[in-house]
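Chemist: Here it is: the structure, laid out below.
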Amino acid sequence: VDRRQRQMCIRDSYQSIYVALLIVAWYVFSIFAGIYNKDYLNIHPLPLWFTCAQALVGSVFGFVALKSLGLYQVPSKSVEWKLLGVSSIVHCIGTILTNISTLQAQVSFTHTVKSADPLFTVILSFYYLGQKFSKTTIASIVVIVLGIALACTTEFSFTWGGFLTAMASNAVFSTRTIFSKKLLVETKMDNQNVFLYISFGTLLFLLPFLLLEIFLYPDEHYRAFIEDPQFWLLFKAGMSHYLYNVTSYLLLKHLTSVTHSVTQGFKRLFICLLYTSPSPRDRQKSRMP
């Protein structure tokens with residue numbers, strides 16, 4: 001019995017170290033994603049095209065990587081396709097809203113608003129899954145959210161566009177987290193394949209709207225595609241977006257939806273402390289290159 005207990009303690013210790021390393025990687029990839037996203041959108045303010053490019057990079061890289069490693073899976077049940085479809089649509093909408101908020105406001109402001117994400121997760125978990133939380137848990141989350149928001153409220157200027165899109169993305173991404181957790185629990189699909197199919201779905205869902213946008217605004221897209229494409233910056237933005245989402249999904253396997261959202265809140269605090277980016281309306285120099 002003692003031997004078995006020691007083995008369980010060792011296994012739990014290794015798992016704790018693994019989760020801690022995932023959190024560190026998640027934070028690092030998020031920082032680079034925020035920097036590259038802001039840099040590209042400052043050059044080409046085309047959030048719809050940028051979201052498509054992120055999904056394309058993630059789809060191609062994820063498919064090649066999983067296929068090469070023999071980890072690629074094909075959904076076999078209708079419930080898997082249904083949950084993947086819902087997760088893809090909400091991920092698509094949430095990413096566009098976040099990119100619009102990033103375009104219209106400073107990074108610190110966007111992450112301050114998005115620090116309310118755990119509260120949305122608690123509310124939506126109760127609505128969708130019927131989960132109930134104690135008053136102590138809810139009070140603790142409120143205190144954490146307020147603390148993160150106060151810590152992030154340095155050096156930003158209020159914009160309604162940035163506020164509304166960031167707040168809407170909270171609700172959307174909380175919904176994605178809940179459905180993705182449900183997908184991971186109720187099916188045999190692993191985390192990497194779940195996000196790969198979400199990237200596929202995002203790209204397919206957005207493609208008709210992108211073609212319409214190109215038709216309506218050909219000059220802006222000609223500049224983004226031909227005159228000043230910024231392909232290397234676009235690739236770095238797409239890769240960092242893919243990697244931080246994959247690490248997020250890997251963490252979701254080991255954490256509850258609410259704990260995942262709280263961890264993400266501390267990630268936002270970390271980003272606010274390390275990187276303050278200017279908005280197009282407030283052309284100030286960034287503290288980081």
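Chemist: For W81 and F225 in the same chain, what is the full-extension length gain: residue separation times 0.36 nm, less their Cα-Cα distance, in nm?
Modeler: 48.5 nm
Chemist: Please report, ordered by residue number, every helix of the chain (full DSSP H runs) that is 27 Å or longer along its axis going by C-alpha atoms and whose mean Kyte-Doolittle hydropathy reaches 1.0.
Modeler: For the chain, where a helix must reach 27 Å along its axis and average at least 1.0, the hits are 47-68, 191-216.
Chemist: What spacing in nm lies between the two simple spin-label points modelled at S68 and Q15, each 7 Å away from Cα in the Cβ direction?
Modeler: 3.1
Chemist: Identify which of T259, T95, T247 has the largest mean-square fluctuation in a Gaussian network model of the chain, with springs joining Cα atoms closer than 10 Å.
Modeler: So, out of T259, T95, T247, the one fluctuating most is T259.
Chemist: Moving on to the next point. Which residue, R176, R223, R11, tops the fluctuation ranking in a GNM of the chain built on C-alpha contacts under 10 Å?
Modeler: R11
Chemist: Can you give the accessible area per residue of the stretch 13-52, in Å², using a 1.4 Å probe?
Modeler: For the stretch 13-52, the per-residue accessible area is 42 Å².
Chemist: Find the relative contact order for the chain and round it to a whole percent, using C-alpha pairs within less than 8 Å whose residues are 6+ positions apart.
Modeler: The value is 38 percent.
Chemist: Same structure, new question: Would you list F109, F32 from the most to the least accessible area, probe 1.4 Å?
Modeler: Putting F109, F32 in descending order of accessible area: F32, F109.
Chemist: Taking the Cα-to-Cβ direction at L216 and at H254 and moving 7 Å from each Cα, how far apart do the two end points lie in nm?
Modeler: 4.4
Chemist: For a quick check, take a GNM of the chain with Cα springs below 10 Å and name the residue from H241, H221, H260 with the largest mean-square fluctuation.
Modeler: H221
Chemist: Of all accessible surface on the chain at a 1.4 Å probe, what whole percent is carbon and sulfur?
Modeler: Ligands and nucleic acids excluded, carbon and sulfur reach 68 percent.
Chemist: Here is a follow-up. Of the labelled options [x] 71, 44, 35; [y] 66, 44, 38; [z] 65, 56, 45, which one gives Cα extents along the principal axes in Å as computed for this structure?
Modeler: Matching the structure shown: [x].
The values are calculated or read from the model by the stated rules, or taken from the named source; none is laboratory data. These figures come from a predicted structure and were not determined experimentally. When we count neighbours, we look across all protein chains shown, and the Cβ atoms used for this are built from the backbone with ideal geometry, even at glycine. The accessibility values were calculated without ligands, DNA or RNA, using every heavy atom of the protein model including side chains. Shrake-Rupley method; radii C 1.70, N 1.55, O 1.52, S 1.80 Å.
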